Amino acid sequence: MAKLSQEDLLAQFEEMTLIELSEFVKAFEEKFDVTAAAAAPVVVAGGAAGGAAAEAAEEQDEFDVILTGAGDKKIQVIKVVRELTSLGLKEAKDLVDGAPKPVLEKVAKDAAEKAAESLKGAGASVEVK
């Protein structure tokens with residue numbers, strides 16, 4: 001079998017759904033006995049950390065859209081969650097049932113506002129952080 005370049009692999013991953021990618025990661029972890037955990041950011045203690053945190057809050061460019069409640073129209077909210085994410089019906093229902101839960105993480109401000117509007121339009125209560 002020919003060796004695939006990094007670009008070829010990324011092109012293949014782009015075509016996968018999140019569920020397929022999640023299953024791939026699990027299989028990869030089992031095959032090579034590794035864990036694909038995200039590294040937690042480390043905050044440096046001291047006076048500079050407080051100033052850096054305040055500066056980061058002012059220049060925030062990534063937002064999380066958090067579903068805090070489904071409201072009366074739960075089915076509509078599930079449909080909107082499915083549109084915003086690539087989750088299947090069961091996963092979207094579990095997310096809505098388990099509120100408060102993040103629907104989108106680390107998205108641009110305009111995308112976060114659009115998603116929040118869509119969810120509010122379906123009857124959900126939403127926070128953008």
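Bear in mind these aren't lab numbers, they're just calculated from the coordinates by the rules spelled out. Computed from a predicted structure; not experimentally measured. No Cβ is skipped: glycine too gets one built from the backbone with ideal geometry, and neighbour counts run over all protein chains shown.
Using the Cβ-Cβ distance between Glu23 and Asp94 with R0 = 22 Å, the FRET efficiency computed as 1/(1 + (r/R0)^6) comes to roughly 0.85. A simple spin-label model places pseudo-atoms 7 Å from Cα toward Cβ; at Ala11 and Glu117 they are separated by 3.6 nm. Extending 7 Å from Cα along the Cβ direction at Asp64 and again at Ser125 yields two label points whose distance is 1.8 nm.
Measure up Lys101/Lys129; Lys79/Lys114; Lys26/Lys114; Lys31/Lys93; Lys74/Lys109 against 22 Å on the Cα-Cα distance and list the ones that go over. Exceeds cut-off: Lys26/Lys114; Lys31/Lys93; Lys74/Lys109. The label point for Lys101 and the one for Asp33, both projected 7 Å from the Cα toward the Cβ, are 3.4 nm apart.
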